[in-house]
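**Q** My questions all concern the structure below.
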Amino acid sequence: MKRLIAAFMAAVLLVCAGCGISQTTKEQEQTRTFIDSCGREVEVPATITKVAVSGPAAQIVLFALAPELLVGISSQWSEAALEYIPETYASLPVLGQLYGGKGDLNAEALLSSGAQVVIDIGETKDGIDQDMDQLQQQTGIPFVHISMTLSELPETYEMLGTLLERQEAAAELSTYCGQVYGRAVELSGSVEKVKCLYLLGDTGCNVIAQGSYHSEVLDLLTDNQAVVDSPSSKGTGNEVSMEQILLWDPEYILFAPDSIYDSVGDDPLWQQLTAIRTGQYSRVPEGPYNWMGFPPSAQRLLGMLWLGWVLYPDDCGYDLYEEVRQYFELFYHVDLSQEQFEKLIG
């Protein structure tokens, strides 16, 4: 991570020296103080109209509240995603991302985008306050970090609403997040949790381990069998052996969208697992993003709704289409049809 930050800052210096792009000077505009999740007092413009994000997790959260403020996106929309994204935002320039993935945030594109602030949303890792300070010093653009876990999502939107002066719209999203999460917590406490694994990777031998940042939905609604010594903080999870998966032998298996779901039903090795042999396995929905959290952002609310409906249909007490339709209206600003819904959940 530190290498990515250093590489980006080196690129900033080269761009500033070679292209004559000047750093933002706060003296040219009125400012106010915003206190981010690290406790940093950051001077930001009094009125913010142009925003860049550090990566896809922040992009998903911001897109729900104020997509018109985005000066760019972290990565190109996939063809599948464009079905659910309004055309207005389909052609936004790609700025890259700072954390995770390729760590390919484009210094020149960021500095020339006119962004008044760069917003980072996600896990509050050790040293992130120093990262934000260094990036802000080198670019002349305010960098703010807002913490986000599933339980914190209401507060995440409240903080974002304060930063962007969109308190009323943020309050609506905050209330929604709190209601969906609260209902999942209630469901979790009222059922006997299903023993489950979430598998991903080309061979299906990577797991989302219990206690990791990416396992929040899984740990809340299932008895996550993937207990390992050092849970990975990466979206690729922890690699384990097939022998270990056979030893865990869960009641239900979730496969990532790009994993080996299509082939396991006919594979003699996988047929040794009770869940595969009895047909108790599913592919996680994807559109525009993986519903279970790659990246781990607000779309995990969809993952909670879907997983509760899949594992506890007699107890969840809601119409999944209506729930997903409401989410797409609030977070993607589109009216999801029944046909689109059926396509998403397979």
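The values are calculated or read from the model by the stated rules, or taken from the named source; none is laboratory data. Owing to the predicted nature of the structure, the values given are computational and were not obtained by experimental measurement. FYI the Cβ positions are ideal-geometry reconstructions off the backbone, even for glycines, and counts take in every protein chain you see.
**Q** Hey, does region 253-275 have a residue that's under 23 Å from Thr203 (Cα atoms), touching a residue at least 60 places away in the same chain (Cβ under 8 Å) and touching a His at 6+ places or on another chain (Cβ under 9 Å)?
**A** Among the residues of region 253-275, not one is under 23 Å from Thr203 (Cα atoms), touching a residue at least 60 places away in the same chain (Cβ under 8 Å) and touching a His at 6+ places or on another chain (Cβ under 9 Å), which makes the answer no.
**Q** Quick check on this structure: which one of Ile146, Ile128 is closer than 16 Å to Phe34 by Cα and within 19 Å of the chain's Cα centre (by Cα)?
**A** Just a single option satisfies the conditions, and that option is Ile146.
**Q** Could you please find all residues in region 182-204 being touching a strand residue (DSSP E or B) at 6+ places or on another chain (Cβ under 8 Å) and under 15 Å from Asn224 (Cα atoms)?
**A** The answer is Lys193, Val194, Lys195, Cys196, Leu197, Tyr198, Leu199, Leu200.
**Q** Counting residues that are at pLDDT 65 or above and polar (S, T, N, Q), which strands (runs of 3 or more DSSP E) fully inside region 1-111 reach at least 2?
**A** 31-35
**Q** Tell me, please, whether a residue that is under 17 Å from Ser54 (Cβ atoms), out of contact with any Pro (no Cβ under 6 Å at 6 or more places or on another chain) and not hydroxyl-bearing (Ser, Thr, Tyr) can be found in region 161-181.
**A** Yes: region 161-181 contains one or more residues that are under 17 Å from Ser54 (Cβ atoms), out of contact with any Pro (no Cβ under 6 Å at 6 or more places or on another chain) and not hydroxyl-bearing (Ser, Thr, Tyr).
Residue by residue, here is whether (1) at pLDDT below 95; (2) more than 30 Å from Thr88 (Cβ to Cβ) holds:
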{"site": "Glu216", "(1), (2)": "no, yes"}
{"site": "Gly235", "(1), (2)": "yes, no"}
{"site": "Val240", "(1), (2)": "no, yes"}
{"site": "Ser282", "(1), (2)": "no, yes"}
{"site": "Trp291", "(1), (2)": "no, no"}
{"site": "Phe294", "(1), (2)": "yes, no"}
{"site": "Gly303", "(1), (2)": "no, no"}
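**Q** With the condition kept exactly as written, say whether any residue in region 122-131 is assigned by TED's automatic domain parsing to the domain that holds Gln97, modelled with pLDDT of 95 or more and under 21 Å from Ser74 (Cβ atoms).
**A** no
**Q** Within region 147-163, can one find any residue that is in contact with a helix residue (DSSP H, G or I) (Cβ under 6 Å, 6 or more places away or on another chain), touching a residue at least 12 places away in the same chain (Cβ under 8 Å) and polar (S, T, N, Q)?
**A** Checking region 147-163: not a single residue is in contact with a helix residue (DSSP H, G or I) (Cβ under 6 Å, 6 or more places away or on another chain), touching a residue at least 12 places away in the same chain (Cβ under 8 Å) and polar (S, T, N, Q).
**Q** Out of Gln338, Gln326, which single residue is at pLDDT 95 or above, outside the structural domain of Asn206 (by TED's automatic domain parsing) and exposed (fewer than 13 other Cβ atoms within 10 Å of the Cβ)?
**A** Just one listed residue meets the conditions, Gln338.
**Q** Kindly evaluate Gly122 against the criterion of being on the phi > 0 side of the Ramachandran plot and touching an Asp or Glu at 6+ places or on another chain (Cβ under 8 Å).
**A** So Gly122 does not fit the description; no.
**Q** Let me ask something else. If only one of Ser282, Ser232 is assigned by TED's automatic domain parsing to the domain that holds Trp306, more than 26 Å from Leu187 (Cβ to Cβ) and surrounded by fewer than 21 Cβ atoms within 10 Å (Cβ to Cβ), which one is it?
**A** Sole residue among the options that is assigned by TED's automatic domain parsing to the domain that holds Trp306, more than 26 Å from Leu187 (Cβ to Cβ) and surrounded by fewer than 21 Cβ atoms within 10 Å (Cβ to Cβ): Ser232.
**Q** Would you say Ile121 is under 27 Å from Thr31 (Cα atoms) and in contact (Cβ under 8 Å) with a residue 12 or more places away in the chain?
**A** Yes: the conditions hold for Ile121.
**Q** Please note which helices (runs of 4 or more DSSP H) are completely contained in region 181-288 and include at least 3 residues that are touching a Lys or Arg at 6+ places or on another chain (Cβ under 8 Å).
**A** Once the helices (runs of 4 or more DSSP H) in region 181-288 are filtered for at least 3 residues that are touching a Lys or Arg at 6+ places or on another chain (Cβ under 8 Å), what remains is 216-221.
**Q** Considering every residue within region 257-270, establish whether at least one is buried (at least 17 other Cβ atoms within 10 Å of the Cβ) and either basic (Lys, Arg) or closer than 15 Å to Ala81 by Cα (or both).
**A** yes
**Q** A follow-up question, please. Looking at this structure, is Glu83 surrounded by fewer than 16 Cβ atoms within 10 Å (Cβ to Cβ) and farther than 22 Å from Tyr213 by Cα?
**A** In short, yes.
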